[in-house]
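Asks: Encoded as structure tokens, here's the structure I'll be asking about.
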């Protein structure tokens with residue numbers, strides 16, 4: 001017979017009360033787990049989608065000169081006959097510390113197409129990367145499938161009379177117009193997109209790149225660090241973070257987290273109140289029993305230990321079940337909040353955190369009832385002697 | 001030197017105009033291995049006196065000395081240790097813990113001692129054997145009769161072999177046959193050297209003791225049972 005036998009036996013006997021206690025705490029823990037897990041997953045999901053939605057880093061040649069813009073963004077010293085970055089330099093991005101965060105690198109090379117006094121900028125792109133970066137593009141026709149196929153902006157197509165499925169002659173070479181972009185309202189409407197190797201060859205820029213757009217997944221890493229790391233491996237390039245895009249993304253994520261933390265705190269407060277009230281009621285109900293313990297020589301610390309041990313066991317169970325329930329609730333929530341159920345697995349860190357949180361709250365909420373029990377006067381408690 | 005000594009012990013409840021004196025300036029000496037009964041009308045203060053002697057209720061004035069130690073001069077935890085080591089309690093309504101079985105109830109005073117688990121169980125089974133309930137060790141209190149529950153309470157009170165046993169109306173809830181059994185058991189424990197202080201309403205049970213202390217009007221009147229018998 002040890003103190004823990006008394007605590008465990010009492011819990012076994014008071015199944016209804018234990019159930020109520022566990023439920024109270026479990027709801028709180030489950031809510032926190034569900035909110036935290038859902039927030040994390042949605043954050044990942046949103047960050048992923050947002051990072052896919054356009055570039056957040058630009059790499060332009062490091063030169064002082066003519067200032068040009070592309071898509072409303074400053075391209076630094078880019079001009080059509082300025083020095084280009086080596087395409088091989090871009091491969092070095094794969095070696096930076098945060099390489100895993102770099103999702104898309106879309107290199108570009110530029111050339112001018114002129115026909116009957118009409119000029120247009122030809123942009124050589126890596127079509128898979130470019131299409132992945134510009135998910136808002138809608139193509140009338142098809143995506144270019146080979147180096148002989150081009151994609152034309154709406155205004156450029158109108159000016160030169162290019163139509164989807166027909167052929168077009170550029171610098172003496174014949175291309176098939178695979179598709180025409182629906183109006184985007186951006187500079188893309190005036191551009192002609194061609195496969196990068198073919199453009200480099202056509203304009204005599206083999207192995208050169210005019211600029212590159214980079215989409216980095218920056219949820220868990222400061223974008224400035226990635227910028228610094230890329231600058232180190234491409235000294236010829238001027239690497240710039242598109243600050244307003246980055247700041248906007250981070251703000252959205254932070255607000256989402258703040259909201260879920262606020263709700264979690266509120267639910268936990270209610271859970272701890274349930275534990276406090278139930279434990280206080282339990283102590284009052286067990287006044288005589290506590291009187292016996294005190295009369296036969298249990299110290300205040302022994303009585304406190306019994307009460308806190310009970311709270312510990314209940315909190316431990318509530319934490320474990322609460323975590324599992326929270327994961328269940330997360331699955332349900334995600335089925336409503338996302339189109340495709342994101343993959344997620346049981347996280348030992350969140351599980352450990354949930355149990356720890358439950359135990360800390362259970363013990364804190366039981367501290368005052370335990371102290372009340374420990375301070376109880378044995379004679380008053382027994383009222384018989 | 002007396003084993004238990006109450007010096008000018010008094011207890012007042014309430015304050016101001018509502019102040020009530022339950023025990024007023026009592027002096028009482030109890031020798032080692034003595035069996036005394038405390039009697040008195042309801043509300044006379046006999047249970048209050050027993051509580052104070054047993055270290056459960058701090059007196060408003062005076063001192064309680066046990067083996068020369070002023071027990072209310074001890075800190076709360078030290079007093080709890082003292083109770084565990086020196087005193088066993090038998091309460092009026094058995095006061096067994098309902099969710100512990102018989103042997104676990106008997107082991108309760110040992111729960112915070114340094115005995116090994118097997119030693120605790122051996123001591124508890126030995127105490128149960130003394131009260132004739134070894135065969136019911138694994139029953140819950142609600143599966144026992146009143147007399148059996150009282151005997152479990154006695155086994156719990158003596159399991160750690162305390163030198164002093166305090167009993168408050170130990171036969172208050174028992175029929176005459178069970179009362180006689182319990183009193184015989186207490187007498188046996190006393191004959192083995194245990195000091196017993198018992199509160200009772202029953203003159204018949206009180207006469208099992210060596211001395212009867214009658215509490216009335218805040219004071220006491222002591223009678224030697226042997227002398228009383230000789231006189232009658």
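Asks: Please work out, to two decimal places, the log10 of the ratio I(q)/I(0) at q = 0.14 Å⁻¹ from a Debye calculation in which every Cα of the range B:1-53 carries one identical scatterer.
Replies: Computed log10 I(q)/I(0) values: -0.41.
Asks: Taking R0 as 25 Å, what's the FRET efficiency between residue A:320 and residue A:367 from their Cβ-Cβ distance, rounded to 0.05? Don't jump to the answer; show the numbers that get you there.
Replies: Numbers: r = 22 Å, r/R0 = 0.87.
Efficiency for this residue pair is about 0.70.
Asks: Give the value in nm², to one decimal: projected area of the alpha carbon convex hull of the range A:317-385, averaged over all directions.
Replies: Spelled out: convex hull of the Cα atoms, projected over all directions, averaged, 6.9 nm².
Asks: Once the Cα gyration tensor of the protein assembly as shown is found, what semi-axes does its equivalent ellipsoid get, as square roots of 5 times the eigenvalues, in whole Å, sorted largest first? All intermediate terms of the calculation are to be shown ahead of the outcome.
Replies: Working: eigenvalues 1742, 92, 68 Å².
Values for the protein assembly as shown, descending: 93, 21, 18 Å.
Asks: Right, next: Alpha carbons only, please: Rg and Dmax for the range A:267-385, in angstrom.
Replies: 19.3, 70
Asks: Take residue A:4 and residue A:225, extend 7 Å from each Cα along the Cα→Cβ direction, and tell me the distance between the two endpoints in nm.
Replies: Each label point is offset 7 Å from its Cα along the Cβ direction, giving 4.2 nm.
Asks: Apply the Debye scattering formula to chain B, with a single equal point scatterer on each alpha-carbon and no solvent, then give log10 I(q)/I(0) at q = 0.18 Å⁻¹.
Replies: -1.37
Asks: Mind checking Rg over Rh on the range A:141-181, alpha carbons, Kirkwood formula for Rh?
Replies: Numbers: Rg = 9.1 Å, Rh = 9.8 Å.
Ratio of gyration radius to Kirkwood radius for the range A:141-181: 0.92.
Asks: Still on this model: Nearest 500 deg cm²/dmol is fine: what mean residue ellipticity at 222 nm does the protein assembly as shown get from its DSSP H runs of n ≥ 4 alone, each adding -39,500 (n - 2.57), divided by its residue count?
Replies: Numbers: 20 runs with 288 residues, N = 617.
Estimated from H runs of four or more residues: -15000 deg cm²/dmol.
Asks: Same structure again: So for the protein assembly as shown: antiparallel DSSP bridges make up what percent, rounded to the nearest 5? Spell out each step's value before the answer.
Replies: Values: 56 of 83 bridges.
Approximately 65 percent, going by the DSSP bridge assignments.
Asks: I would also like to ask the following. Using only the alpha-carbon atoms, how far is helix B:176-191 inclined from the longest principal axis of chain B? Give it as 0 to 90 degrees, nearest 10.
Replies: 80
Asks: Fewest to most neighbouring Cβ within 10 Å: what's the order for A:138, B:78?
Replies: Numbers: A:138 10, B:78 13.
Exposure proxy ranking, most exposed first: A:138, B:78.
Asks: Work out the P(r) tail for the range B:86-206: percent of alpha carbon pairs separated by more than 24 Å, whole number. Display every interim value, and only then the final one.
Replies: Numbers: 1358 of 7260 pairs.
Here the long-distance tail beyond 24 Å is 19 percent of all Cα pairs in the range B:86-206.
Asks: Work out, step by step, the length gained on full extension between residue B:145 and residue B:93: first 0.36 nm times the residue separation, then minus their alpha carbon distance; give nm to one decimal. Could you put the intermediate results ahead of the total?
Replies: Working: separation 52, 0.36 × 52 = 18.72 nm, distance 1.24 nm.
Gain on extension, residue B:145 to residue B:93, equals 17.5 nm.
Asks: Could I ask something else about it? Along the Cα→Cβ direction, 7 angstrom out, place labels at residue A:12 and residue B:2. What is the inter-label distance in nm?
Replies: 4.6
Asks: Efficiency by 1/(1 + (r/R0)^6): what FRET value for residue B:221 and residue B:78, r their Cβ-Cβ distance, R0 = 41 Å, to the nearest 0.05? Show your work: numbers first, answer last.
Replies: On the way: r = 34 Å, r/R0 = 0.83.
Step by step, r from the Cβ atoms, then E = 0.75.
Asks: OK, next. Take the Cα pairs of the range B:162-208, get the Kirkwood Rh, then feed it into Stokes-Einstein at 10 °C and 1.306 mPa s and tell me D in µm²/s.
Replies: Numbers: Rh = 10.8 Å.
Taking Rh from Cα pairs, D becomes 147 µm²/s.
Asks: Taking the C-alpha atoms of the range B:184-232, how large are the radius of gyration and the largest Cα-Cα span, Dmax, in Å?
Replies: Reported Rg and Dmax, both Å: 11.6, 35.
Asks: Can you work out the FRET efficiency for the pair residue B:13 and residue B:69, with r the C-beta to C-beta distance and R0 = 25 Å, to the nearest 0.05? Mind showing how you got there, number by number?
Replies: On the way: r = 26 Å, r/R0 = 1.04.
E(calc), rounded to 0.05, equals 0.45.
Asks: Measure nothing but the geometry: give the 0 to 90° angle between the long axis through the Cα atoms of A:243-285 and the longest principal axis through the Cα atoms of chain A, rounded to 10°.
Replies: 10
Asks: Give me the distance in nm between label points sitting 7 Å out from Cα along the Cα-to-Cβ direction at residue A:142 and residue B:85, one decimal.
Replies: So the label points at residue A:142 and residue B:85 sit 9.7 nm apart.
Asks: Taking every pair of alpha-carbon atoms in the range A:200-353, give the share separated by more than 22 Å as a whole percent. Write out the running numbers ahead of the final one.
Replies: Working: 8100 of 11781 pairs.
Tail fraction, whole percent: 69.
Asks: How much length would be gained if the chain were fully extended between residue A:232 and residue A:88, taking 0.36 nm per residue of separation minus their Cα-Cα distance, in nm to one decimal? It would help to have the intermediate numbers written out before the result.
Replies: Values: separation 144, 0.36 × 144 = 51.84 nm, distance 1.46 nm.
Gain on stretching residue A:232 to residue A:88: 50.4 nm.
Asks: How long are the semi-axes of the ellipsoid equivalent to the range B:1-127, from square roots of 5 times the Cα gyration tensor eigenvalues, in whole Å, largest first? Spell out each step's value before the answer.
Replies: Working: eigenvalues 186, 62, 43 Å².
Here the semi-axes work out to 31, 18, 15 Å.
Asks: How far is helix B:76-86 tilted, in degrees, relative to the longest principal axis of the Cα atoms in chain B, given as a value from 0 to 90 rounded to the nearest 10?
Replies: 70
A short reminder: the numbers here are calculations on the coordinates, not readings from a lab. Model, not experiment: these values are computed from the prediction. In this analysis, Cβ positions are derived from the backbone assuming ideal geometry, glycine residues included, and neighbour counts consider all displayed protein chains.
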